[in-house]
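Notes for the one structure printed next.
Values in this text are rule-based calculations from the coordinates and carry no lab data. These numbers were taken from a predicted model, which means no experiment stands behind them. As a convention, Cβ positions derive from the backbone with ideal geometry for all residues, glycine included, and neighbour counts pool all protein chains shown.
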Amino acid sequence: MPYTGEVTRGGPPAVRDLGALTITKVSVGPMDNNAYLLRSGDEQLLIDAANDAGTLIALAGDAGLATVVTTHRHADHWQALEEVVAATGAESLAHIEDAAEIPLVNRDLRDGEHITVGPATLEVIHLVGHTPGSIALLYQDPDGPPHLFTGDSLFPGGVGNTRKNKANFESLITDVEQKLFNRLPDKTWFYPGHGNDSTLGAERPHLPEWRARGW
């Protein structure tokens, strides 16, 4: 089946093979959070152990997990974290500004830092506004366009919820514009914390509209 990025809780995962990196997307929990299992070489990394620990542990399988990265502090993104780490021995990573609100963080992350999964590398991009320590993870595919895991900072149709806080919205929309849209090409595929994927090119024309509406 061609990859579409459309998943439902309890349904089959969506798998995308980039050659050097394989991405497996599943939906978990009552809030339909997306979790992403990345495999490169003999290592695996999980983005957001959000819920349904049994599903995520089974997804990792015998290969296990080297790392779990939590994109931000909101509890719907780490409900399964402790159980997954206990079962796999994975190292748990989160941005330093959110780490204190997330159980079982072994290593703090900072903007511009790199995380490895086998021979593949992910760049940490700090996006302030949805939470103080929200991050996106960027994979620069050597054989194709970039791939970006945005947590709850960027979705098809807008940036993440800033709860009508004008300062937080201004921070987030500016970070998203400058660190993502101004840097990366239209073909960049992004994978959000909930719902379907999109590309920066599909969303770029709507940036002025998002800023004008204030959310």
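Listing for the model above:
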| read-out | value |
| --- | --- |
| Within the chain, helix-based [θ] at 222 nm, where runs of 4 or more DSSP H residues each add -39,500 (n - 2.57), nearest 500 | -4500 deg cm²/dmol |
| Antiparallel %, DSSP beta bridges [both residues in the chain], to 5 | 70 percent |
| Burial ordering of Leu65, Leu18, Leu104, fewest other beta-carbon atoms within 10 Å first | Leu104, Leu18, Leu65 |
| Residues whose placed amide H lies under 5 Å from that of His95, excluding near-sequence neighbours | Leu109 |
| Tensor-based shape of the stretch 2-83 (alpha-carbon gyration tensor, a/c under 1.5 rounded, otherwise prolate or oblate) | oblate |
| Radius of gyration and maximum dimension Dmax of the chain, Cα, Å | 15.9, 49 |
| Length-normalised contact order for the chain - Cα pairs under 8 Å, 6+ apart - percent | 15 percent |
| Ordering of 171-181, 140-150 by packing [mean C-beta count within 10 Å, highest first] | 171-181, 140-150 |
| HN-Hα J in Hz across the stretch 114-122 - Karplus 6.51, -1.76, 1.60, θ = phi - 60°, x for Gly and Pro | 10, 10, 9, 9, x, x, 8, 10, 10 |
| The stretch 1-103: GluC sites (Glu not before Pro) in DSSP coil with no more than 16 other Cβ atoms inside 10 Å | Glu6 |
| Extreme residue, positive dipole direction of the chain, given options Thr24, Leu59, Phe190 (C-beta unit charges) | Phe190 |
| FRET efficiency, Arg163 to Met31 (Cβ-Cβ, R0 22 Å, nearest 0.05) | 0.85 |
| Positive-end residue of Gly214, His130, Ala202, charge dipole of the stretch 108-215 with Cβ unit charges | Gly214 |
| For the stretch 160-197 and the stretch 35-71, distance of Cα centres in Å | 24 Å |
| Residue of Thr71, Thr116, Thr188 that the Gaussian network model of the chain assigns the largest fluctuation, springs spanning Cα pairs under 10 Å | Thr116 |
| Test item: Cα-centred dipole of the chain, Lys/Arg +1 and Asp/Glu -1 on Cβ, debye | 620 debye |
